[in-house]
Every structure is written in structure tokens, then in C-alpha cells.
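Just below is one structure, and these are the notes that go with it.
The values are calculated or read from the model by the stated rules, or taken from the named source; none is laboratory data. The shown structure was predicted, so the numbers you read here are calculated from the model rather than taken from an experiment. Methodologically, a virtual Cβ is constructed for each residue, glycine included, from the backbone with ideal geometry; neighbour enumeration extends over all protein chains shown. Side chains are part of the model used for accessible areas, which takes the heavy atoms of the whole protein and leaves out ligands, DNA and RNA. Shrake-Rupley method; radii C 1.70, N 1.55, O 1.52, S 1.80 Å.
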Amino acid sequence: MGRPQRRYEITNYINEHGTVTFQELKNRFPDVSDMTLRTDLRELGDLGKIIRTWGGARSVQETAKADDSYFMRLARSVEKRQQIARKAVSFLREQLALKPNVSIYLDCGVTITEIAKCFPDEWCTVVTNSISNAYALAALKRPSVTVLGGSLNRYNCCCDSSRNIEDLKRMNFDFMFLATAGYSIDVGFTCGKEVIDDTRAVIMEHSRKIIIPFDSSKIGLIYPITHTMPEDIDMVISDDGFPDEVVQHLRARGVEVL
């Protein structure tokens, strides 16, 4: 079987099953070496034919069905997000006790909204572009909350606008909570083009500490755009299912892991 035909059949097999493990692919293609199969998956992923995952691959169609709706994502990995939120809030309480009126940027996304839902009711400054974050923070009395405007991004229930950039250049943040759709040791933190916004880079430049909260189900997922590498951030907050291999990989690059 030639390479084009083999890769066509691999893609079809993954599309038929939604999500498959590497072992399942080996069983389906017993005459293909492990190295060749891994190369096929990597290059099919680079072409956007499949989504590589930790220990296997996922259909692009399956990923789209699961990820296109913000409100569908709210229903997944709830327990993991709650674990992350508890760790993040504990960290924030410690920081707020050390320094009054800490300034914080909350990016959009369901994991960061989970943090907003149990955000400490303490004096601080919060800036966000997320409608769901703002709604959660509206129940609090002490934080000063600024909501960035712009065009509605339905994918993440937030507002996007390059008009915010000049204002953000004059701001300084103690902490930025940055969202991500996937993480791979090979390519870093990735997302789809739907969530790319020029304001992110400006906020990162003006933040003392960059924190990415993400659950272990995102490990191994690779989306079209790498938005951040481990060397660019300071801390990761995840759930109790975070693999030791990934923890060690991040810590070796100077990233604190909670």
C-alpha cells in the first residue's frame, strides 16, 4: 500500500470511529511500522486532516461537534474545571493577602469562567473581554471590573476588538489568566483561529505573571495555531489527573505547576 492510500485509509478509519488510540491504529494497520504510523499521524495533523491526541488521534469532525459550541463545552470536564478553580482561587487569596488591589486579566473560555464563578470578593481590579466572566463577577461587591467591548465572538462568549489595544498598552497586570484549547509537548499551547485576537499579545507583554489554567483532557490536543510556548508563561493550574511526564516537562522550562 502506497503512502497516499495508507494515509487516506488512516483518515477514514479515524473519521469512522471519532477517537482512536495508537494501539487501535496499529491493530488496524499491522504491516505499518510504529515510526511510519507516528509520522503519518503527525503529518496528517499538520495538514488539518485529523487532531492528534495524547496516545492517539481524533476526527476533525468529532472535535468540531464537541468544541464549536461554548455552551456544549460548559457541560464537559466539569469536575476537572472545578478542581482548577479551587486551586486558582486559593492562589489568588494568597496574592490578595500580600498586596492590596492586585490587577488581573481574565481571558475568555469555560475554564476561566469557572474561576470567575468563585472569584474572591476582595478589593482588586479585574479586566476581561468575556461576557460570561463579567456575569459571574457581577455578583461581587469589592472587585472593580472593566469589560472590554467589541464584536461578539460566539465561540468563546466574549468580545473581540483591536480598538482595545491602545487602552491596554497603558495598563499593567499582576496576573493574566490565559486560555488554551490544547497542549502538546511538541508544539506548545494551541487554539483554533476563532479565538485568536491581537489584544492577547499586548496583554501578555504587560503582565507580570502569565497563568494558563487547563484540564488534563486538553493534553495532546493540537489545534492549527500555536499561541504560546512554555517558556512564555509562568504557571499552569490543572486538575489531579495531570500526567507526571507533562509536569516534569513544564517544570524543566521554568513553569510552576499547581
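List of remarks:
- Taking Cβ separations below 4.7 Å as the criterion for a possible disulfide partner, the isolated cysteines in the chain are C118, C124, C157, C159, C191.
- Within the same chain, aspartates and glutamates fewer than 8 places from K80 are excluded, and of the rest, those with a Cα less than 13 Å from its Cα are E114, D215, D239, D240.
- Rg over Rh for the chain works out to 1.01, using Cα positions for both radii and the Kirkwood form for Rh.
- Packing order of peptides 29-37, 213-221, highest average first: 213-221, 29-37 (average count of other Cβ atoms within 10 Å over each peptide's residues).
- Sorting F242, F189 on solvent-accessible area from highest to lowest, probe radius 1.4 Å, gives F242, F189.
- Residues of the range 217-258 with amide N under 18 Å of a point placed 7 Å along Cα→Cβ from K99: 233-236, 256
- Apportionment of accessible area to carbon and sulfur, the range 164-248, percent (1.4 Å): 46 percent
- Taking 21 Å as the straight-line reach from the Cα of K99, the lysines in range (excluding those fewer than 8 positions away in the same chain) are K87, K141, K209.
- Amide hydrogen proximity for I50: with H placed 1.01 Å from N in the peptide plane, the residues at 5 or more positions away or on another chain lying under 5 Å are G45.
- Scalar couplings 3J(HN,Hα) for the range 220-225, obtained by applying the Karplus form with A = 6.51, B = -1.76, C = 1.60 to θ = phi - 60°, are x, 6, 10, 9, x, 10 Hz; x denotes Gly and Pro.
- Structural descriptor for the range 115-178: relative contact order 28 percent, calculated from alpha carbon pairs under 8 angstrom and at least 6 residues apart.
- Helix-only CD estimate at 222 nm, as mean residue ellipticity for the chain, using -39500 (n - 2.57) per DSSP H run (n ≥ 4): -11500 deg cm²/dmol
- Volume per residue for the range 141-258 equals 123 cubic angstrom (convex hull of Cα atoms).
- Of the DSSP H helices in the chain, those whose Cα atoms cover at least 24 Å axially and whose Kyte score averages -0.5 or more: 78-98
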